[in-house]
Amino acid sequence: MKKINSVFFFLIFIASLSFAQVEKTKVALDLSDPKFIIDKNIYGHFSEHLGNCIYGGLWVGKNSKIPNTNGIRNDVASALKKIKVPILRWPGGCFADEYHWKDGIGPKEKRPTMINTNWGGVTEDNSFGTHEFLELCRQLECEPYFTANVGSGTVQELAQWVEYVNSDNVSPMTDLRKANGQEKSWGVTYWAIGNESWGCGGNMRPEYYADQLKRYGTYARNYGSYNLYKIACGPAGDDYNWTEVLMREGGSDFSGLALHYYTWKNSKIAIDINKADWFDVMKQSLKMEELIEKHSAIMDKYDPNKRIALIVDEWGTWYKVEPNTNPGFLYQQNTLRDAVAAATNLNIFNNHCDRVKMANIAQIVNVLQSVILTKDEKMVLTPTYHVFDLYKVHQNATLIPLNIESADYKFDEQKIPSVNGSASIDINNNVHLSLVNINPDEPETILCSIKGLKTENITGQIITNKEMNAHNTFENPDVVVPVSFSGYKIAEEGIEVELPAKSVVVLELRGEVEKKPALEVKDARTGLSYNLYKGIWNQLPNFDLLNAENSGEVENVILPKENPGENFGVSYNGYIKIPEEGLYRFYLASDDGSLLSIDGSTLINNDGLHAVEEVMGTKYLSEGFHEVKIFFFQKGGGFNLNASIEGPDLKKQTIPKEFLFH
Ligand code: AHR
């Protein structure tokens, strides 16, 4: 009996250990070595010829009574400008693989119509085409991102579209563009080679698509200074085989791989939410992290230097369409739940910005998880809009790595972390911390330690509501809007935050960023010293173990003047004198491999055999001297090396010779 008792208590003890809860969520920020920039294109959007996204949502035409500029709605354009839309994808989606761009140029009355077979079977009159879309991007001051028709188009069609928008030579395509009123090329650099080629874009096998990618990509030419950023169709959700095949067989002529993943709940409309629905949507949203990590791991095998970006160019919530709307129009309301889901996704993208360089929420207006809904002349901003508004501070800021030990949110014997977040530091040294509490019932107390910043001042904003399905309507547009937040206090090693249930909070922290002392250097001479080595390598050798053929001084990061032959390596040593304290971005472009280290730690690893590739690294540096080392090697063919710097009050430029000493 005694034995049974002790076994019993032992089992209880073990069980209690496995149920041991994190009482208070702990968040740790470390500003000591920020490395990656959160590409502003993570805050991108998607516009498709689908329902009322284009027609009625973005575009009303010049003769509309709805106030417009060149046919684009003024209210929608100015709301979108406020959230700083960085990039806009068009014309689809599934629509793209049935779209023939020449149908959408020239006099409107002569443009042929087509049936939009994917979306509601409505007649598309092609009144919104290339010129109108690029006018929209001009007004929004955003990058255009085109999706080419691979499913039902031709290579020639794509080649001519690129020529039409990007060439300034004399040619039939550029003549056509000029005849249609556009004298100068626009310069569209982002091009997707097909959309969902595994599904509505042609139902292809990855092996077959990999060949199509190379074929279409070959004829999508660079004109003038416009170097195309080609994006391959990537996987649907967890189709890891697709990623594997594309990375292995897709060639080297693409810069991004597009992942599509939606949070599905299409059995119920957006505002019909119980606790199980809430939990399900949150759990699915958090799955984005697993997808990114697993696809990235496959990409790492083939592309360890992360030259190819993961582009999440369709994501968001997908519910049952609103009653009495065309089921093919995918029109849905947008609630506090969508705000929490959007913020969670954006935190995940921020935290993986080493690989994720663009994301495009689906879709910008009136379709799926929109930031704006319109009805005739009325417009309402959704809770998701307000998340994009609060999170815009992260655009192009430097990621601060976060470690979160979150309390669990448990539902029906399942659990997920209650709290997620991300943080960044901008070029003015303002730190932004985004925190999300997905628990719909309980607030979370967060102990947040901050290494490298002495916080002096905090401001904050919050998006929350008592109701899970709180939403904005044309009649009541301000039910879910950001308000000022004061649930924080400065604590000994950081801050403490009381995060209400189902909330999104963005804090701005100002204070003194910890100074890292510069080196004391006396009698420094201008320029760098270098050693030149001969040898044949496929990656950077350890130069310390080799005997130099020659050595000398260069005033800049340039290759030594003597003819080094076909196969050689160079190491540069010296100091960089930083003009003022702040966050600096360094860029190292090389053909073949190179590496840059500052103060003894590697900042940029651009190693390997490759054509000219530029890699960036970021470092917070105090004013004064810092040790700098650059390594470079060349094997056969052409070669190139350039090192640039960008910082506070310093535009991106080749590191000036005035900065370099040894
Ligand atoms: O965003 C709606 C549709 O979802 C897109 O057209 C398609 O690419 C995806 O399946």
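Note that segment 595-662, at 20 °C in a medium of 1.002 mPa s, gets a Stokes-Einstein diffusion coefficient of 158 µm²/s from its Kirkwood radius over C-alpha pairs. Maximal additional length on extending the Glu492-Asn538 stretch stands at 11.5 nm, based on 0.36 nm per residue less the C-alpha distance. Candidate cross-link partners of Lys561 among the lysines, defined by an alpha-carbon separation under 21 Å and a same-chain spacing of 8 or more, comprise Lys534, Lys629, Lys635, Lys657.
Packing around the peptides 378-390, 273-285, taken as the average count of other Cβ atoms within 10 Å per residue, puts them in this order, highest first: 378-390, 273-285. If the chain linking Asp125 and Lys410 were pulled fully straight, counting 0.36 nm for each residue of separation and taking away their Cα-Cα distance, it would gain 97.6 nm. A convex hull fitted around the alpha carbon atoms of the chain yields 202 Å³ per residue. Given R0 = 30 Å, the distance between the Cβ atoms of Asn74 and Glu475 translates into a calculated FRET efficiency of 0.90. For segment 40-396, rounded, prolate or oblate, judged on the Cα gyration tensor with a ≥ b ≥ c (square roots of eigenvalues), a/c < 1.5 rounded, else prolate if a/b > b/c? Note, shape of segment 40-396 comes out oblate. For segment 528-661, dividing the convex hull volume of the Cα atoms by the residue count gives 92 Å³ per residue. The alpha-carbon of Lys81 sits under 12 angstrom from the alpha-carbons of these aspartates and glutamates, leaving out residues fewer than 8 places away in its chain: Glu141, Asp389.
Which FRET efficiency, nearest 0.05, do Asn274 and Leu176 yield, Cβ-Cβ r, R0 56 Å?
On the way: r = 56 Å, r/R0 = 1.00.
So, using R0 = 56 Å, E works out to roughly 0.50.
Taking only protein heavy atoms and a 1.4 Å probe, the accessible area of segment 528-661 is 44% carbon and sulfur. Values of log10 I(q)/I(0) for segment 173-213 across q = 0.34 Å⁻¹ run -1.12, by the Debye formula with one identical scatterer at each alpha carbon and no solvent. Shape of segment 40-113 from its Cα gyration tensor (a ≥ b ≥ c, root eigenvalues): rounded if a/c is under 1.5, otherwise prolate when a/b > b/c, or oblate? Oblate. Pairs exceeding a 27 Å alpha-carbon distance, out of Lys265/Lys502; Lys40/Lys268; Lys84/Lys320; Lys84/Lys515: Lys40/Lys268; Lys84/Lys320; Lys84/Lys515.
Once backbone amide H atoms are built at 1.01 Å from N, Met358 has Val312 as its partners under 5 Å, excluding neighbours fewer than 5 places away on the same chain. What the Cα atoms of segment 348-415 give is an Rg and a Dmax of 16.4, 47 Å.
Take each of the peptides 581-589, 594-602, average the number of other beta-carbon atoms within 10 Å over its residues, and list them starting from the highest.
On the way: 581-589: 20.8, 594-602: 17.4.
Highest mean packing first, the order is 581-589, 594-602.
Using only the C-alpha atoms, the convex hull of segment 188-255 corresponds to 79 Å³ per residue.
The values are calculated or read from the model by the stated rules, or taken from the named source; none is laboratory data. What you see is a predicted model; the values in this text were computed from it and never measured. Cβ: placed from backbone, ideal geometry, glycine included. Neighbour counts: every protein chain shown. Note: areas computed on protein heavy atoms with side chains; ligands, DNA, RNA excluded. Shrake-Rupley method; radii C 1.70, N 1.55, O 1.52, S 1.80 Å.
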